[in-house]
Amino acid sequence: MADHAGEQLLTVADVAGRIGAHEKTVRGWIRAGELKAIRFDSRIGYRVKRADFDRFLDRRSLAGAVSRQLLAAAISDPTGPDAGADG
């Protein structure tokens, strides 16, 4: 971990270790724009501000909660819009 102008910066390895993901996965999220990062030279690589990492986790947690809730509703409501439809 580094400190950049008073902000805690995480390496790709730090982020991966905190959430149990592979470093390639974290780099993919960065390239896709899902996780905001600062690009230093090729030797140093990416750094993620702690606040950006926390926001990323919040978004993923919210999306996961919504997905779980929708799935649970679909499973518990057999009279949904496709109920009784003949293939």
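The values are calculated or read from the model by the stated rules, or taken from the named source; none is laboratory data. Note that this is a predicted model, so its numbers are computed, not measured. Note that each Cβ is placed from the backbone with ideal geometry, even for glycine, and that neighbours are counted across all protein chains shown.
The figures follow:
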read-out	value
Residues (within 11 Å of the chain's Cα centre (by Cα) and surrounded by 12 or more Cβ atoms within 10 Å (Cβ to Cβ)) located in segment 17-36	ILE19, ALA21, THR25, VAL26, GLY28, TRP29, ILE30, GLU34, LEU35, LYS36
Strands (runs of 3 or more DSSP E) completely within segment 1-68 that count 1 or more residues being modelled with pLDDT of 95 or more	7-11, 46-49
